[in-house]
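The values are calculated or read from the model by the stated rules, or taken from the named source; none is laboratory data. What you are looking at is a predicted structure, and each value in this text was computed from that prediction instead of being measured. When we count neighbours, we look across all protein chains shown, and the Cβ atoms used for this are built from the backbone with ideal geometry, even at glycine.
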Amino acid sequence: MTVTLRRILEAPIADLTFTDIETLIREEAEEGPRLELKRGLPANDRQVDPWMTGGGRIGNPARDGLAKEVVALANAYGGAVVVGVDETDDHPKRARGPDPVVVPRVVELAERMQQTLDSLIDPPLAVLEVRGIERPGGDGEGVLIIRTGSSTRAPHGHGRPPLAYMRRGSRSEPMTMRDLQSVLFETRTRGERVAALLAERRAALTSMVARGAARLTLSTGQPVRADQVALYFRCTLIATEDLQLRTDDLTRQAGMIRPRPGGAPPAFGGGIFHMGWHPRLHGVETIDSSQRHFSRWFFGDHGIVDVYGLLMCDTYRQHTDAFPPSLFPPVALQVLALGERLRRFASRPEVELVLECEFIFPGTATAVAGDGRPFDDGVQITEPEARIGPFSLGNLEDWRTVFAEVERGIWNACGMRVAGHLDFPLEQWLAEMGAA
């Protein structure tokens with residue numbers, strides 16, 4: 001695999017440029033299990049797709065032909081379809097130049113194609129990225145890239161009834177029953193892996209609760225007071241495929257600085273990890289604590305970001321067990337952002353992420369919004385446990401939608417409506433961290 005092809009498959013899709021496509025052509029990139037090249041939008045023999053001649057619609061052959069290629073990639077190893085690159089006639093086909101064969105109004109085409117593929121492919125793909133890359137100095141023409149990962153929800157089909165395909169070498173061919181059985185087995189295995197890892201992290205929080213807060217030592221060197229009312233919280237992110245990171249990589253580079261959302265500090269600390277990192281089985285761990293919280297942060301070499309710990313309650317009006325739910329969405333944001341950094345560090349942007357949060361209230365607890373609303377006198381927590389999620393994150397562009405679900409779940413688990421949405425420029429933060 002050439003350096004350019006690896007970049008096409010692994011770099012954040014927003015970072016790809018027209019120059020990358022030109023280089024791919026000069027290197028005569030070869031079609032294979034993870035790359036499909038198209039000169040233009042597919043059409044019937046001796047015909048041209050209406051979009052290619054300036055029309056306002058995408059023809060059925062183009063729609064179905066691209067859906068077939070994407071489904072075949074998702075049912076196998078994942079990969080990219082590049083529309084706007086001429087091909088040789090030999091087998092396997094190779095990119096042929098000298099220049100890309102540009103597609104009109106490529107940014108608009110990408111938006112239409114994203115919607116089309118989302119509606120055609122069944123079940124929907126968690127990771128499906130479509131981008132139009134305009135030619136510099138042109139009039140909106142350019143190259144279309146469609147990228148997907150090896151799906152955790154395979155097998156997929158397209159159309160009605162769904163037609164299932166799988167990538168074999170440089171071809172997309174109908175799936176056999178044996179293919180279907182194999183893909184279903186792999187999908188189930190990946191699902192069982194995620195379920196097992198989530199169960200492991202749930203058990204870690206349960207064990208901390210069972211041991212009791214009094215056995216924990218805060219940053220002041222003092223143990224947590226036995227009479228102090230506390231609640232426990234966990235947030236876990238897991239990559240659905242093993243990212244195969246090394247412990248040394250995690251310690252040096254894999255997201256040791258957390259985002260700092262505006263407003264009050266998050267429940268489990270701000271943006272800096274103050275304590276050192278210590279090797280653990282399959283990862284590294286550190287402690288972050290203050291006079292009000294104690295938390296353990298864990299980074300797993302297979303693609304896990306996990307934090308769990310306790311927050312001590314305050315006195316508020318008539319309550320001695322009060323806490324603001326607003327302290328916990330920032331923790332989920334930090335975990336999500338660090339998980340995305342791990343995914344990028346591993347050069348695996350196509351891997352789906354799973355995010356789950358959990359509260360345990362071993363005693364009494366009263367949620368207060370602190371914003372003067374009628375229910376600001378507090379909402380007594382009646383359920384001893386609450387689990388939020390798991391939620392799936394595919395494309396980074398969808399993170400706001402996913403986070404809104406997590407945020408709403410946290411507030412609702414505390415018996416309240418959302419009292420102010422957390423906003424954060426995650427893409428900018430990731431770009432700055434990538435350059436650091």
Restricting the range 319-335 to residues that are of a type in the set (S, T, N, Q) and either free of Cβ contacts under 8 Å to residues at least 12 places away in the same chain or part of a helix (DSSP H, G or I) (or both), the residue that is nearest to residue 277 (Cα to Cα): 334
In the range 1-54, what residues are without any contact (Cβ under 8 Å) to a residue 12 or more places away in the chain, within 20 Å of residue 104 (Cα to Cα) and of a type in the set (A, V, I, L, M)? 48
From the option list 431, 369, 386, single residue qualifying as in a loop (DSSP other than H, G, I, E, B), of a type in the set (A, V, I, L, M) and either more than 14 Å from the chain's Cα centre (by Cα) or farther than 18 Å from residue 267 by Cβ (or both) is 369
What tally of residues in the range 188-216 results from selecting those that are surrounded by 12 or more Cβ atoms within 10 Å (Cβ to Cβ), at pLDDT below 90 and among the charged types (D, E, K, R)? 1
Residue 89: surrounded by fewer than 18 Cβ atoms within 10 Å (Cβ to Cβ), assigned to a loop (DSSP other than H, G, I, E, B) and not aliphatic (A, V, I, L, M), yes or no? yes
Of everything in the range 243-259 that's surrounded by 16 or more Cβ atoms within 10 Å (Cβ to Cβ) and in a loop (DSSP other than H, G, I, E, B), which residue is modelled with the lowest pLDDT? 254
Given the conditions (1) modelled with pLDDT of 95 or more; (2) in a loop (DSSP other than H, G, I, E, B), and given that residue 48 satisfies all but one, which numbered condition is not satisfied? (1)
Residue tally, condition free of Cβ contacts under 8 Å to residues at least 40 places away in the same chain and either buried (at least 19 other Cβ atoms within 10 Å of the Cβ) or within 24 Å of residue 366 (Cα to Cα) (or both), over the range 388-419: 9
Which of the residues that make up the range 154-168 are part of a loop (DSSP other than H, G, I, E, B), modelled with pLDDT of 90 or more and not hydrophobic (A, V, I, L, M, F, W, C)? 155, 156
